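Participant: Below is the structure I would like to discuss, written out as C-alpha cells.
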Amino acid sequence: MYQRMKGTYDVIEDAPYFRAVERAASEVSRLFNFKEIRTPLFEASELFHRSVGETTDIVSKETYDFTDRGGRRVTLRPEGTAGVVRAYIENKLHADPRVPGKYYYLGTMYRYDRPQKGRTREFRQFGVESFGTKSPAVDAETLAAAHTFFRALKLQDALTLHINTLGGRESKANYAAALRAHLEPHVETLCADCQRRYQDNPLRILDCKIDGDSEAVQNAPRTLDHLAADDRKNFEEVLSHLDALQIDYVVDHALVRGLDYYTHTVYEFKVDAALLGSQNAIGGGGRYDELVETLGGPPTPATGFGIGLERLIHVLKQRGFTPREGHVHLYLLAIGEEARRRTFTLAHELRLGGLVVETDLLGRSVKAQFKQSEHHQAAFVGILGETELAAGTINLKDQATQEEQTLKQSELLKTIKTRLNGRSKAPDCSDCTEKGSQK
Ligand code: HAM
C-alpha cells in the first residue's frame, strides 16, 4: 500500500470549496483588472535564493531542491512572487504601457515545513502582483482587492488586517543597525541560526520560530522609530487611502514578514487563534520595490499579496459555509424497462439544459432507486411509470416541501429551474451559502 507523502493530502471532499474560492479569486481579479499569469512549478534554485533570501527559513530550511538530469539546481516554488517577477522580466512585461501592470495567480506551492494545523508541505495560494509604481494608492488598491475577496466569502469580520512599514533601503538599514545593537548582549542566548542571522540579516531573528517569542526579541526596537521622513509620509498615505475605502486595519509595528524582498508597506491578514491555532495568518504581502532590479530587470517598484487557500477554507468551514455546487438537482426514477430507457434519454436532455441529473444505470429496484436519490440528496425526484410514459408526463416530487405534481416532460426543465432560482441565496457570493439555506 502506498501512502501520500507527509504534509500532503488528497483533495476530494474539499474540491468544491477550492472551486468556490478560486472562482471568487478570479472574479475579484476580473473586477480589479488583474490579468492571470501561470508560471512554472519549478524554477532555478538561485531565483529563490536571491529573492526570498538566503537567511530566511523558507530558503534555508524549507525548499524542495533537486538536481535535474541536466545537472541544474532546481527548486519547487515555495511562493509565487519570485516566479512572477522572473516572468515579468523575461517576457518584457515592463514594456507594456498599462501601468501598473497587474497580474494574479492561483497555484500550488511547496515548503518542507513541519506539518501541523494550517501548515502543510503542499499548499495553494491566490496571489496578486502590481508592477511599475511607488504610488501608495496602489498598495491600497491591492489591499482593496484582498478585502473584496474576503467580503465575497463573507469573511471580512473574521479577519484583521495588520499593517506596518519597513521603509526604504536606508530606513531598513537603520533599523537593522538598531536591532543589532539591541540584541548584542543576547547573542549568546540565541539559536545557532539566529547567531548567523545576527551578522547577516538581523530582521530575520524577529520571525524565528525558536527565538521569536524570547524576551529580547519581544522588547526589540520598533520599525517606526527608525523611519526616514519620506517613508513615514508614504505609509501615512497608504493608511489614508485605506480610510477612504473604509478598510479597517491595525498598525502593528512588530510586523516584519518572513521574506527578504519587502520594503515599505508590509501586512498580514490574521484570524482569531480560536479559528486557526498558531498559524493564524491567512495571507500576507507588501511592497518589494527593489526585487525586479535585483533579479536583473529595470528598476520597477511593485507590491502584492499571497493568500493561503487551505487556511482560508479551514476558516470558511468553521464559519459554517458550504459551497453551493455539488448538489444533484434531479434524480430520475424509472418503473419498468420502457421507462428506464426514457429516463436515460431524458437525463441527457435535461443535462444539456443545465440541470445536474442522476438516474439509475444499474437496473435497480424501485426501492433501491429511492435509496440512491436519498444518498445523492437530490432536490427533486422525478418518477416515470407506465402511465406517465404513455401520457408524456412525469411525477415530480420536491424533496424540500414534499409536494408532488404531475407535469409534461417538456415542462420539467423550466419548472425545476424556476423553483431552484426562487430558493434563498447568499447575497454577496454566488458560490457560498450559509449552512442549511441550500436545497
Ligand atoms: P507568505 O506569507 O509566505 O507570503 O505566504 C502567504 C500565505 O500562504 C500564508 O499567509 C499562508 O496562508 C499560506 N502558507 C504559507 N506557508 C504555508 C504552509 N506551509 N501551509 C499552508 N499554507 C501556507 C508569500 O508567499 C508572498 N509571496 C506573498 C506576496 C505576494 N508578497 C508580495 N506579493
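Participant: Go through (1) of a type in the set (Asp, Glu); (2) more than 7 Å from the ligand (Cβ to nearest atom); (3) in contact (Cβ under 8 Å) with a residue 12 or more places away in the chain; (4) more than 23 Å from Phe32 (Cβ to Cβ) for Glu310 and report which single condition fails.
Facilitator: The one condition Glu310 does not meet is (2).
So that you can scan it fast, the table gives a plain yes or no per residue for (1) of a type outside the set (S, T, N, Q); (2) crowded, with 21+ Cβ neighbours inside 10 Å; (3) in contact (Cβ under 8 Å) with a residue 60 or more places away in the chain:
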site	(1), (2), (3)
Ala216	yes, no, no
Glu237	yes, no, yes
His241	yes, no, yes
Val251	yes, no, yes
Leu255	yes, yes, yes
Ile282	yes, yes, yes
Glu290	yes, no, yes
Leu295	yes, no, yes
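Participant: For the stretch 364-380, which residues satisfy the criterion of being among the basic types (Lys, Arg) and either touching a strand residue (DSSP E or B) at 6+ places or on another chain (Cβ under 7 Å) or in a loop (DSSP other than H, G, I, E, B) (or both)? If you could, list the steps in order and put the result at the bottom.
Facilitator: So in the stretch 364-380, the residues among the basic types (Lys, Arg) come out as 364, 367, 371.
Arg364, the sole residue that qualifies.
Participant: How about the stretch 36-137: which strands (runs of 3 or more DSSP E) wholly inside it have at least 1 residues that are surrounded by 13 or more Cβ atoms within 10 Å (Cβ to Cβ) and basic (Lys, Arg)? Break it down stepwise before answering.
Facilitator: Numbers: elements: 42-44, 65-67, 73-76, 101-110, 122-131.
Filter on the stretch 36-137 gives 101-110, 122-131.
Participant: Working only within the stretch 281-307, note down all residues that are more than 9 Å from the ligand (Cβ to nearest atom) and closer than 20 Å to Phe123 by Cα.
Facilitator: Residues satisfying the conditions do not exist here.
Participant: Given the options Asp207, Asp200, Asp193, name the one that is over 21 Å from Leu239 (Cβ atoms), within 15 Å of the ligand (Cβ to nearest atom) and outside the structural domain of Glu310 (by TED's automatic domain parsing).
Facilitator: Asp207
The values are calculated or read from the model by the stated rules, or taken from the named source; none is laboratory data. Computed from a predicted model, the values in this text were never measured in an experiment. A quick note on method: Cβ atoms are made from the backbone with ideal geometry, for glycine too, and the neighbour counts reach across all protein chains shown.
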